[in-house]
Structure formats: structure tokens, C-alpha cells
Amino acid sequence: MTIIRNSISPRAALPLALAAILASPAFAQEPPAEDANKKTAAAEATATDLDTIIVTVERREQDLQKYAGTAQALYADDLRELGINNELRNIQVMVPGLSIANQEGHAEIYMRGVGSANSTELGDPANAPHVNGTYIPRPRGLGAMFYDLERVEVNKGPQGTLRGRNALGGTLNIVTKRPDLEEFGGYVQVEAGNRDHEAGEFAVNLPLGGVAGLRFAGYSVDKGSSFENAGAARHLKPAGIQDEKGGRLSLLYQPDDKLSVFLMADMGKEGGTGYPGANIFRAVTEGNTLPDDLDMRQVIYRGPQGKLDATNWGAMAQISYDFGPVKVEYNGSYRDVDFQQTNASSDSILWPGRNIAPRTADNPDGIEYDNYSSVYWLTQSQSQVHELRFSSPDDARLYWTAGAFHFEENQKSGFFSLNDRGVFYSGTEFTMPVVRSKSTALFADGTFNVNDRFRLKAGLRHTEEEKFRYGIGGNWTIGLGADNNCCFATRLGTEGFMPAFLYRPNFDVSNLTSNADLARFLLQGVARSGARDTILDQLGGIADGSMPNGLCVDRPDTGGDSLNCTADGSHPWVNLGIPQQQIGRSKFDFTDWRLGFEYDASDDSLLYATVSTGHKAGGFNDSFDIDFIPETFKPESLVSFEIGSKNTFRWFNGLRSTFNVSAFYYDYSDQVFQDLAVVGVNQDGDATGFSLVNRNIGKSEIYGLELDSLLRFRHGFSLGLNALYLHTEIKDGVVADVRSQNFGAGGITSKIDLAGNELPLSSEFTFNVHLKQSFELVHGSFDWQFLASYRSAYYLTQFNDRDVVYLSDTAGTVDRIEDAATAGFPDRQRAETTLNAGLGFTSLSGAWRFELWGSNLLNNDVSQKALVGPNLNLRFLNDPRSYGLRVRYNF
């Protein structure tokens, strides 16, 4: 989207100067009131006539008020002044029905209840992220692109025919500023705020002979964590510390009105301490405290220091040539993501009366800080997108566009969960050196002008996709016996530890059967042992055959009974287990379509109705037992019915305002719910290994009503109103209850019927009020804006606070039933109102601008996502209250 204005956009200025200016008369000397009112009204009417928003939702430029659908444009000036800054997830306060959570550095985007929580290599987003209209398959590091922006486009509803891959519930498009061909210029910006916030940003625009332009932009952000280390291990920094920087170079070449070439290269770097959430399970069960009464930012950190090291770079080309009867456009991109994170490990959070002193013999209820259980993440992705489009002239009676789309992604991924303490060692590793995805589509879309007021629309897109994965996945198990007792503990992950991940010499486990084979494979998973790890000493002799039962070392865990080694220093028995082979393949195709009409009831009123579809890619599951786990899952599909009206009217001396309304209904089928399957059973028949499984077992109904209005008043004042009523209901879906913690012998699990539940993150009511004003002063101009966003209560998981059923034996007998809060799994986020505000002063020349900004001024703690499982209720939170000062110099 672009916006055409005839007024000077706000620029930059200083608080001391601002105070001095505000002390002077509010307005410059004015003519007589009647003449002034006439001139002001005429000027404002002229300005608002030109204040037209141009959208490209349908891959061509058109007035937003003439677009038959629901879209929203967020402009860079508003995002900056309201304190959104470089936090992509914070834009959700401006868009009803939008939810964005940062889970382990992965942006999870939900729109109107539609989204995807699977951020592994098995999953895909359900709402496609784009940068400058180009698809981004792996939404890690999107925040590192969030600077020197033109706008952010949020398009609601399935975009299957127009945007294609994984646009099931909508799209989010980050649009960067393009070079100006005519004028040299740019800006330098610095800012400071609470939580040690320091940031800088700049851009330089260089025109090249009137036919080309270069733009170079960069930014840097350092910011303290929103969490606090509330434990005794004071040397550990909390999760969430930001250290980001990036740069972007753009070239635009337009020698005439036929040829356009846009090239862009960018790189972003993210450091700091990573983005794990806060596990509140023990605080709820042992502290007997509900989330609303907890300070979820008071985390008890222990073990390793959390660390993030991520690089995201890419290049894109957009080339078009207008031949007259046909316009040809090529869009291509390459993107490389290298994401590595060591989770900051914690022992839940602080609750009233909790004993946080170190565990000792005299303090057995204290915390074991010397516990290096943690999680290591690795994602490497190289993707390329190619699209060739042909289109008719914009003024043709039949406007059509057709073309081909091709996407490829090669991934390498790793996940390593370490369990440092415990007598029988158990960890989990999934390492995939090969993950490939391909998607190819052919599409056509057209709008036929039946007459001057009535238009018919139709589109069709056929997509073929395939995926392949090879690697290992499953549990590490190490049992080292002593005197017929179990067992000597193994330490893994202490200071300096580094997993091998992709640097393993071998990923073929098909013929590894002996203890020596298994021990070698386990040791090959360690690139560098930690300073106090024992695994090499314990398994080295097994691996090289010198000591078949391994070396017995002093029991490294604390608080356990004394165990004795055999006389020769080895173990009487050894039990080793390694991950299983993972080979996954899937291939599928689907067709998206849309039909609709548009009717101009008048020059200022549009009526429309559309039926459209969208799909999210299918895939495959972890390979264990095909009798219990399906090898593949199908694409999800959504059919949307929408009717709406867009209206422009004039009031207050001809000021242009808008009022739009739309009603929608979604039929959401083949919905993927994550189920839990037992993949390991011990000799007693007890379940010992589990795997999350993607199954097409869900069906949901979604409908709602959305209203938005922009009212303009005199003296530069405007009022934006946006309201959404949303109803979501799961109609079908029975899954294993991952909360139940214990599983009956033989792997019998508790099932839960989700029918009647709401979809996660779907508030029934959302209401936004956005006030803005700008006016002239003696020495410049002053502006302010205020955003209030109300969001009603919503559930964080599919379980909707339902009771937890526990089983006890092979017959699946119910042992007990607990309500969700008692069991440790409350998942309802209460209603909240979020307030953002900003004010700014621009010098008379437009060179200097000064801003004060504040976001989440009420300092509400809001859970934006929850992961639940045995002993796990992990919350990912919003950004707390932030405020600061910004100075910008434009040249």
C-alpha cells in the first residue's frame, strides 16, 4: 500500500526546545476568525481529497476504498510514534483479530483465530509473511527487517489465489522504503528509553541522474530484558535481552514509464539471551496461585546462560516491463536464515513464600542451581522464490493476471533437550541434515467490468507441493547400574558444552545394535564436552571396547543414596538407547479459487461479496510406528464467505471520512491438531517415550463482523475506530490430552473431545480507538496520537480450561479428575486494555523532529501463547511498559 499526501510528513525535534515552544503562544498570528475558518476548511478539504490510500492486495494499485475485502495499512510514522519500534509482535495492538507471539525467536501469526503453532521443520505458517510482496517461508528474524519502513499491510481472509502458499487466514507484508529518483536526502535517528533501551537508525538516498536511485539504511538496538532473575544465581542474565543490528541496500531503476527494476539486499543480526518463555506450572501447583496473581517475569534461572546467535540475509529482484497490451513482471528472491539459541534454563518462577536458597543437606527444599537441563535450537534455511506474472492494462474492461510461481527451501535443523539431573539419563535429539520443500503453482485471476458500476471477479490457482526429510529423532537413554540398583547419573551440558548437531559423522542408525555402536553414536552427538560432564568418562571405554560396561565414576547428582561400583570399576549392567532413523516424504496438490462481485452503489459507496479459499501445506510426521502415527498429514483448507460495504462521506466543511463494514464466515476443515502418541514402552509396559503427531482431525466454524471508520475533523484532528466481533468453535476433534502427565501402562492415554471449544487466541470482542492531531505552532508543528485497544478474554490452548483426566492401569481406569487450575494448566487470558501514546514536535524547516513515546502504558502482563505438557505451562509474554525519547534529523 502507498499513501499520497500533499502535506509535509512529520519529521524530527528536541524536548527542551519543545518545552520552550509550548511556553510561547499556541498559534501564530491569525487572520480574522471567519476568514481563517474558511481558509482552514478549504485547505483541509483539499488535503483530504488527496489523502488516498493505494493498496496492492490484488497485485495492482487501487484505492483501499475500492478494494473488495478487508485490509489494514500501518504507516511507519504511526508505528514509530506509538512505540511499536522494532518489535514486530507489537503491531497486534493496532489490528483487531491479529495475534503475534515470539516463541523461541519464531514469529507465530494468527488472524481471526486461524494460525499454526508448529514452528519446527515439520510445520508452516498459516498466515503468510512477506517482505515487499515476496514470500518468507521461515518467519525467524522478521524483527531484524523492521526498520526504514513505508508501511505494514495486513490482509485478512484467505489469499489462496492471489498470494498463494500458506495464505490460509491472510497475509502480513512488510514494505520497506524505496529509493527516490529525484532528491538526495535521508535521516539520522537516535533514541533512548527504559530497560536500558538504546537505538539508532539512519537512511541515505542517492539519486542517480533522475532515472535511478540508491538507498542505504541501517539500525542498531540494545535493550534490557522484560524478565528478572529472581533466583540466587545472580551471574545469569535473564532471557529477552536484545542486541540487534541490520543493514539494507536498495536500487531502483526506471528509465521510462515502461521498465522498472528494483533490487534489494539486506542482512540482520540478532544476539542477546534468546526468547524462551516462563514456565508457571510449579507456581500454580505448589504455590497455589493463579496466573493473574503471579508476576510471571520473576524467573528462577539456573544452569547455562541463555544465548541467541541468529543471522538473516537475503536479496530480491522485481523487474517489470509494460509492452502495452501485456505487462510482464518477474519477482525473485533468495533468503538465508541461520538461527541458533541456547535456552535460558529455569526452575519455574517466584511465588510468595518460595524458598530460593540453594539446595543443601540442611535445606533440602531449596533450588538445585547446578542443573544444566536445557534446550538447544538450530535452524538453517536457504530458500528461493520465483514468480512470473503477465497482466493486462489496468483500464481494460477485462483486467486479468496470470502466471507461474515456484518455491524451494533447503533446511537443516536441530533440537536437543538435555536432562542433567536424574539417575537414568534421558534426553531428546532431533537433528535433520536434509529437509527439502518444493512448491509450484499456476494461477489466473480476472475482473470483468459488466458496466460502469458492476464487476465480476474470478480466480484459480493450482499448487503441487512435495517435502522430504532425513535425519534422526528420539530419546537418548543411558542407564548405568550398580549393585543391582539403578543407577549412576550421567552429566551432560555443563559449562562449555556444545552439541554436534549437523557435524555428526553419521546419521545412519539402521545397523547400530551393540553397546559399543550405541555409545559411539551418543558420544558423536557431543561436539565439545562441558567442564563437569561425565559422559565421556562413563561411555568412552564402551565405545572403544576397552571397558565393555564402562567406567564407574562418582555419582554426580546430589541428594541421592550412595551407590557402589564393582571391584573392577565398571558397571554390572548397561542400558543404552539412541534416536531412531527419521525419513519423511509427502506429496500433495490442491486448487484454490475465488468468485465474487463488486457494485458501486454510488461514486462513494462500494458493495461486494466474495467466496474464496486458502490452503496450508501438509507434511509428514516423525517416523516411529505407522500403526499409531500416520506418515503424512494433508493440507488444511478454509472456505471464506464475505460480504461488505465501503463508504466515503464528507462532513465538517467537506472533510473526507470513511465507514466500512464486513461480515464473514469460515468453514475450516482438515484442521491439524497436535496429538500425543506413545513411542516407547519399558519391560513393565509403562510408557517411556512420546511423540507429538500432526493429524487432520479437526473442523471448525468461524464467523464475525468487522467495522472500521476514519473520521476527520477540523484543526488536523482524526478519530479511527475499529471493532471486531469474532466467534470460533471447534466442531470436531478428539486428541490425547498432553496435560495428563502420566500415561497408563501399555501406553493408554487420556483422550479429550475438543468439540465446543474456542480456537486459541481468538477474543470474542476487540475494539480500537486511535486519536490523532497535528497543528502549527510559531516555530514548527506539534502532533500527538493515542491508541486504546480493548481485547476480551481468550484461551491460550485448544483445551480451554477443561478438566484433566488421569488414568491408572492397562484398562484405562480413571484415577482422578482435576480442574485445569488445580492440575497446573489454567489457560485463559483475562480481558485487557492496552494504551499507547506519542507526541512529537517538528521544526519549521522540517529538519528536526523530537518524539516522546510510550507503549503498554498500563503495564499489563499478557500471555500471547502457551505451551502445555507434562509439568509444563510455558508462557510467552507481551512487551511490558516501554517509554522513551527519540530525536531525528532529516537532511
Members of the stretch 719-739 that are among the β-branched types (Val, Ile, Thr) and surrounded by 16 or more Cβ atoms within 10 Å (Cβ to Cβ):
Thr728, Ile730, Val735, Val738
Tell me which residues, restricted to the stretch 523-541, are of a type outside the set (S, T, N, Q) and either free of Cβ contacts under 8 Å to residues at least 12 places away in the same chain or under 17 Å from Gly481 (Cβ atoms) (or both).
Ile535, Asp537, Leu539, Gly541
Among the residues of the stretch 564-600, write down those that are aliphatic (A, V, I, L, M) and touching a residue at least 40 places away in the same chain (Cβ under 8 Å).
Val574, Leu576, Ile578, Ile583, Leu595
Filter the stretch 505-515 down to residues that are touching a strand residue (DSSP E or B) at 6+ places or on another chain (Cβ under 9 Å) and either outside any helix (DSSP H, G or I) or small (Gly, Ala, Ser) (or both) and give me whichever is modelled with the lowest pLDDT.
Ser510
Would you confirm whether any residue within the stretch 486-504 is at positive phi, of a type outside the set (A, V, I, L, M), touching a residue at least 40 places away in the same chain (Cβ under 8 Å) and not in a loop (DSSP other than H, G, I, E, B)?
yes
Does the stretch 847-857 include one or more residues that are farther than 30 Å from Ile109 by Cα, touching a helix residue (DSSP H, G or I) at 6+ places or on another chain (Cβ under 9 Å) and surrounded by fewer than 22 Cβ atoms within 10 Å (Cβ to Cβ)?
yes
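Yes/no per residue for (1) assigned to a strand (DSSP E or B); (2) of a type in the set (Asp, Glu); (3) within 27 Å of the chain's Cα centre (by Cα):
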{"site": "Arg594", "(1), (2), (3)": "yes, no, no"}
{"site": "Glu598", "(1), (2), (3)": "yes, yes, no"}
{"site": "Ala601", "(1), (2), (3)": "yes, no, no"}
{"site": "Ala609", "(1), (2), (3)": "yes, no, no"}
{"site": "Ser612", "(1), (2), (3)": "yes, no, yes"}
{"site": "Ile629", "(1), (2), (3)": "no, no, no"}
Residue that is in contact with a helix residue (DSSP H, G or I) (Cβ under 9 Å, 6 or more places away or on another chain) and among the β-branched types (Val, Ile, Thr), where the choices are Thr494, Thr534, Thr490
Thr490
Assuming Lys634 fulfils every condition listed in (1) in contact with a Pro (Cβ under 9 Å, 6 or more places away or on another chain); (2) over 24 Å from Gly97 (Cα atoms); (3) basic (Lys, Arg) apart from one, which condition is it?
(1)
Given (1) closer than 18 Å to Leu74 by Cβ; (2) assigned to a loop (DSSP other than H, G, I, E, B), identify the lone condition not met by Arg165.
(1)
Among strands (runs of 3 or more DSSP E) lying entirely in the stretch 278-353, which contain 3 or more residues that are surrounded by fewer than 22 Cβ atoms within 10 Å (Cβ to Cβ), aromatic (Phe, Trp, Tyr) and touching a helix residue (DSSP H, G or I) at 6+ places or on another chain (Cβ under 7 Å)?
none
Residue, nearest to Phe184 (Cα to Cα), within the stretch 224-271, restricted to residues that are basic (Lys, Arg) and part of a strand (DSSP E or B):
Arg248
Determine which single condition Arg830 fails, assuming it passes every other condition in (1) in contact with a helix residue (DSSP H, G or I) (Cβ under 8 Å, 6 or more places away or on another chain); (2) closer than 30 Å to Leu777 by Cβ; (3) not aliphatic (A, V, I, L, M).
(2)
Close pairs (8 angstrom Cβ cut-off, 6 or more residues apart or separate chains): within 13 Å of Gly213 (Cα to Cα) and touching a residue at least 60 places away in the same chain (Cβ under 8 Å) in the stretch 176-189, outside any strand (DSSP E or B) and β-branched (Val, Ile, Thr) anywhere
Leu181/Val211
Would you say Gly540 is modelled with pLDDT of 95 or more, crowded, with 16+ Cβ neighbours inside 10 Å and more than 40 Å from the chain's Cα centre (by Cα)?
yes
Take Val553 and decide whether it is hydrophobic (A, V, I, L, M, F, W, C), over 30 Å from Val611 (Cβ atoms) and modelled with pLDDT of 90 or more.
no
For the stretch 63-154, give me every one of the strands (runs of 3 or more DSSP E) that falls completely inside it and has 3 or more residues that are farther than 26 Å from Val261 by Cα.
70-75, 98-103, 106-111
Would you check if Ala617 is surrounded by fewer than 21 Cβ atoms within 10 Å (Cβ to Cβ), of a type outside the set (Ser, Thr, Tyr) and closer than 30 Å to Ala663 by Cα?
no
Can you give me the ranges of the strands (runs of 3 or more DSSP E) entirely in the stretch 648-759 with at least 1 residues that are closer than 30 Å to Trp476 by Cβ and either among the small types (Gly, Ala, Ser) or modelled with pLDDT of 80 or more (or both)?
655-681, 687-712, 734-736, 751-753
Residues to consider are Thr171, Thr161; find the one that is buried (at least 22 other Cβ atoms within 10 Å of the Cβ), under 30 Å from Gly272 (Cβ atoms), modelled with pLDDT under 95 and touching a strand residue (DSSP E or B) at 6+ places or on another chain (Cβ under 7 Å).
Thr171
Inspect the stretch 543-551 for any residue being of a type outside the set (D, E, K, R), assigned to a helix (DSSP H, G or I), surrounded by 16 or more Cβ atoms within 10 Å (Cβ to Cβ) and in contact with a helix residue (DSSP H, G or I) (Cβ under 7 Å, 6 or more places away or on another chain) and give the result as yes or no.
yes
Check on Asn484, surrounded by fewer than 21 Cβ atoms within 10 Å (Cβ to Cβ), touching a Pro at 6+ places or on another chain (Cβ under 9 Å) and at pLDDT below 95:
yes
Picking from Tyr608, Tyr599, the residue that is crowded, with 20+ Cβ neighbours inside 10 Å and among the aromatic types (Phe, Trp, Tyr) would be Tyr608
Any residue at all in the stretch 799-815 that's over 29 Å from the mean Cα position of the chain (by Cα), assigned to a loop (DSSP other than H, G, I, E, B), on the phi > 0 side of the Ramachandran plot and in contact (Cβ under 8 Å) with a residue 60 or more places away in the chain?
yes
Can you name every residue in the stretch 250-281 that is over 30 Å from Asp292 (Cα atoms) and of a type in the set (Val, Ile, Thr)?
Val261
Of all the residues that make up the stretch 562-584, how many are surrounded by 15 or more Cβ atoms within 10 Å (Cβ to Cβ) and in a loop (DSSP other than H, G, I, E, B)?
6
Any residue at all in the stretch 497-520 that is out of contact with any His (no Cβ under 9 Å at 6 or more places or on another chain), exposed (fewer than 13 other Cβ atoms within 10 Å of the Cβ) and of a type in the set (A, V, I, L, M, F, W, C)?
no
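The values are calculated or read from the model by the stated rules, or taken from the named source; none is laboratory data. Being a predicted model, the structure only gives us computed values, none of them experimental. Every residue, glycine among them, receives a Cβ derived from its backbone with ideal geometry; neighbour counts consider all protein chains shown.
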